[in-house]
Structures are given as C-alpha cells and as structure tokens.
Amino acid sequence: MRAFALAIPAETFDAAFADGVERNFTQPIAASQTVLCAQLLERPLWGTPEWLESLATTWLDCQQQGAPRTLPTTACACLIEAVHAALHAAGPAPGRAECDILVATAKLAQAVQATLARASLDCLDLRVAAGEGVDPVTGLPTRTRFLHAIERLMSPPLQQPLGLLLLHVAWGPSAPEQLSAQRDRLRRALSDAMGRVLRPGDVLYSIADQEWALIMPELRSVGQVQLAARRLIEICERSPEHGVPQLRGSIHAGTACAPDDGVSAHDLEHAARAALHRAIRADVPVVCFHADMIARMEHEIDIEREIARTITHPPFQLWLQPQIRLGSGRCAGAEALLRWQRDDGEWVPPPQIIETASRLGLMPGLSRWLLGQTARMIGELGAEGVEVPISLNLVAQDLHDEDLPELVAQALSTWKVPPSRLVLEVTESALIGDRDRAGRVIQGLRALGCGVSLDDFGTGFSSFAYMRDLPVSELKIDQLFVRDMLRSGRDHAIVTTVQALAHGFGMRVVAEGVEDQSTADELQRIGCDLAQGFLYARAMPQRDFVPWVKARNAD
C-alpha cells in the first residue's frame, strides 16, 4: 500500500481526497478535523503504529471539540474514494493488482476505524473512573479526595507535623497550539515520574489541569517538605516528556506545615497556595510559607482585580520627564511614564502594572489606552505652545502586533497630531522572540513618520545587531552606565563608544540617569545630544510640565 501510495503524484491524490471531503461532509470541518484528514494523507506512514497512535490522539481532540461521531467513517470513505480515483485516473479498466489495492485500502480503513473506536472507549472508561474520584488522565485521586483526606488528617490533634506541597506546571508558549491529548500525555508522564519517588504513606493528588498536591503525614522535620519539593521538581525536569519543546514550561512549588502554618485544612492549603503564589511571581523553584505571605498575596490579587475591573477606563495617569538638549539647556522632548496612585494613597510601581496587565491578558487594551492618552497629551501640549516630541514605551506584545502602525495612525489622526511628535521606545528584551515581525512593525512606524528609540541600550547581548538591522532613529544609553561614568573607566568607555557608534548610524543619542552637572558636562563634551534625569526634573503631571518647559525654554 505504501509503495502504491508513493507512486501516485501527491497533487493527484490530495485533489481526489479533497473532492471526496467536499461531497461527503455536509458541514464545514473544524481545524482539528482538518488535522485528522491531513494525517490520513500521510502516505509514507500508512499502517505504522506511530501513524495510528497519532490519528487516535487527534480523534480524541476532535471529540473534545464536538466533532460528529461519524467523522472517522466519513474520512475513511474519502480515503477509499481517493485511492479508487487515483487507480482510474489513467483510464484503463482495473486489473487484479488494482482490485488488490482497493481491498488493502478497505482493510486499512477498517484498522483506522477500529483504532479510533478503541481510543474512544478507553476515554469513556477514564471518565467513568473520574466519577469515583480518580483523575481520568493521571490515574491519581482528585481534588475532592484531597480535601477529604486533609480534613480527616487534621481533625484530631496532630502528634507529628503534617506537610503539604502544591506543585504547579506552567505550559510552554506553544502549548495552547498543541492537541489536548499531547498535554494529557505530559500530565500523565509527570504524575508517573513523581509517584515513583514518594515515601510510604505520602499521597499525590491531581487537583487541577496543571497542579498537583502532595500530603506528607508524620514528618520528622519540616525540612522534609522542602526537600520533597526540590526532588519532585528535579524528577519532572528530567522527564523525557517535559523535554518536548512545544510543551516545556516552568515548574514551581509552595510548601506549608501544620500545625505551625495552619490548624485547619483550609488554613493549611491557603498557606501552601500563598507560598506557591510567591514562587511563581519570583520565579524561584520552591518557596516555604512564612507569615507575611498571605497579606502580600491578597494585596497582589486585590491589585489584579482592580486593574481587571477598570481596564476599559484605567485609573492611571501619564506623567512627563523632560529631556534636555545638552548644547542649549532647553527642553527638547519628554518621556511619558505610567503612574497610578490608588484610593488609599499607595503608589503602584509601573513595572507591576505592566506585569499584571500582561499576565491577565489585558495588555492590548492597556496599550491602546496609552497610545490614545499620549496622542491626546501631545495635542494638548501643542495647543498650549509646547511642541516637543513625547516618547512612549512599547512592550513585547506591542511589537508582535502587526496592526500597531495602523493603531498609532488612528490615535494620531483622532487628536490631529503630526507623527514626528511621537517617539515609540522599544527595549532589546521586547525584540527577542520574533525579530522579523518586530522589524516589520518598526518599519511601519517609521514609514508613518514616528520616531523609534532603542531603549536601555547595552544591557543585552545583541544590541549592535539591532542598530545595524532596524530603522531606529534614536538610542538611549542606559543609566546603568551613565551614573558611574565619571568613576568607572569602563562605563565611560562604553558611553563614549556607544554614542559615537549611534551617531555613525545617524541616530540621536539620549543619556538616561543624569543626576549631577559634572556628568552632564562630560556627556556634552563627548557629543551626546540629550540628557534625562533627576538633575533636571523628576516625572511630573502635564499641568506642571507646561509651565516648567516654558520657564526652561524662555529666551
């Protein structure tokens, strides 16, 4: 069969199969169903165990997405029709060899349908098991049994400490594009690997799609829980399934011990979850609970809720930090910086706002708000006679959105602002990931007439390549090098070399973190264009910026 299939021109066979799909499928087929059909056409693999297993995996995913039960039968009928059409394409009457090929195709189709039916029955058995408190994928007890167990263990006075460990796996960036059966296979492999290294008496539970709980009774020392957490993470990291690039992600654990960290099942889990929350936020493998974590976690969650609730009308402000032309001392621009003071008076750091919005998937909405507010601010400043460029920072998501130039154009048009008055700042970290797409977005912004600034220059490893390849108009030397340039010969050499190189590429150079006049004088001497820092002014609201600029630039 495989020899026959390879002898058929691919376009002929695929076209015949496509005709069959068009005739036999009454409704448009979904993406997962298209994947199943494409796998049926993998002629070099026909009949192999790997091929049948791949079809079964795809079929289970199709079922989860509501595919009709008749899909395997219809797809196999299209396969047989395609073989029949290919055999008769030349026109002569079929001979014995052709009949044998058709019979073999029918048997192949039967094998496919039997394999998919068996996969469906196995999945049904797992769902039945789930009703008995067993996770259908991992075979581990579920969250319901976990709660019953921990409540039972903590109901009498504890004679020895009881440990609780929560372990969370964050899927890799490509995991959403994978079939659910592939993710299930990873969960099963990790569960099996962890189960093989438990102490007698320890019980592992599957309490969520990406989360496990380990109850450790009769501890001799609370340190055993932390050691167990590190051991489980090590086992998971070494699992072959975890090495699949599309699925690989980070693993974190939080631990707590009763009675010190909680005297009830609810309090103990809350403590372990606070530790897990801190491990994920700090991106460290294991965190053990201590008393201030719950208040900190609840504070962060409160901020998340407030941002999510108000993202359509954010309570944020944009403040402006001036940029000074070193030759004349006049204000020649400003950077728009995000500020948020909550009702209780707390100032939330801008990186926390951005990180929270990104984690909650709210960054596109926040970016649109920032663009609109910056354009409005530029228009209002112009109306008051302050016509200086304003810079706005972009994040990685912005640079991967090829509609960004159009969104910028709309914002500028709404507020009747010339594109030359807007400078978009990009960092090297934002360029990492999809450099080609980011390059197209930057090209679009430059074609629009906006400036593009390469921010935090020198803090990464490939900045010089970005200078060469990307059409940026401005370079900002990071304050890491500027602040100590008079005391560090290396920092001074970096600043001097970078500004000379940038000028060679026709870029304007801005030095950040200028805090004293001696540094400003040296920057002017070596040829830097603009300076930004506390020597001149901190960021200020727009209402204060206007009189400040007019006083600074007064003749």
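Structure notes:
- In sequence order, calculated HN-Hα J values of region 364-371 (Karplus, 6.51, -1.76, 1.60; Hz; x Gly/Pro): x, x, 5, 4, 5, 5, 4, 4
- Protein accessible area in region 314-384, 1.4 Å probe - carbon and sulfur %: 52
- Working from label points 7 Å from Cα in the Cα-to-Cβ sense, the ARG490 to ALA308 distance is 4.5 nm.
- Gained length - ARG69 relative to ILE301, 0.36 nm times residue gap less alpha-carbon distance: 79.2 nm
- Amide H partners (placed H, <5 Å) of GLU515, local residues excluded: LEU535
- Farthest positive-ward along the chain dipole, Cα basis, beta-carbon charges - from ILE378, PRO405, GLN210: GLN210
- The residue list THR427, VAL417, LEU338 was ranked by how far each Cα lies along the charge dipole of the chain toward its positive end, using unit charges on Cβ atoms, and THR427 comes out on top.
- J(HN,Hα) series, region 264-273, from Karplus relation 6.51 cos²θ - 1.76 cosθ + 1.60, nearest Hz, glycine and proline x: 10, 4, 5, 5, 5, 5, 4, 5, 5, 6
- Its DSSP H runs of at least 4 residues, each contributing -39,500 (n - 2.57), put the calculated 222 nm mean residue ellipticity of the chain at -16500 deg cm²/dmol, to the nearest 500.
- Summing +1 for each Lys or Arg and -1 for each Asp or Glu among the other residues whose beta-carbon sits under 14 angstrom from that of ASP14 gives -4.
- Net length gained if the chain between ALA97 and TRP369 were fully extended (0.36 nm per residue, minus Cα distance): 91.1 nm
- Backbone N under 20 Å from the LEU480 label point (7 Å along Cα→Cβ), restricted to region 494-536: 494-502, 509-515, 532-534
- Take the Cβ atoms of LEU535 and THR497, set R0 to 35 Å, and the FRET efficiency comes out at 0.90.
- Residues whose placed amide H lies under 5 Å from that of VAL203, excluding near-sequence neighbours: ILE215
- Less than 5 angstrom separates the built amide H of LEU424 from those of LEU392, GLY451, VAL452, SER453, all sequence-distant by 5 or more or on a different chain.
- Spin-label model distance (nm) - ARG118 vs ASP544, 7 Å beyond Cα toward Cβ: 7.4
- Inter-label distance, nm, simple model (7 Å from Cα along the C-beta direction), ASP436/GLU211: 3.9
- Residue order for GLU98, GLU22, GLU304 - accessible surface, 1.4 angstrom probe, largest first: GLU22, GLU98, GLU304
The values are calculated or read from the model by the stated rules, or taken from the named source; none is laboratory data. This is a predicted model, so every value here is computed, not measured. No Cβ is skipped: glycine too gets one built from the backbone with ideal geometry, and neighbour counts run over all protein chains shown. Accessible surface areas use protein heavy atoms only, side chains included; no ligands, DNA or RNA. Shrake-Rupley method; radii C 1.70, N 1.55, O 1.52, S 1.80 Å.
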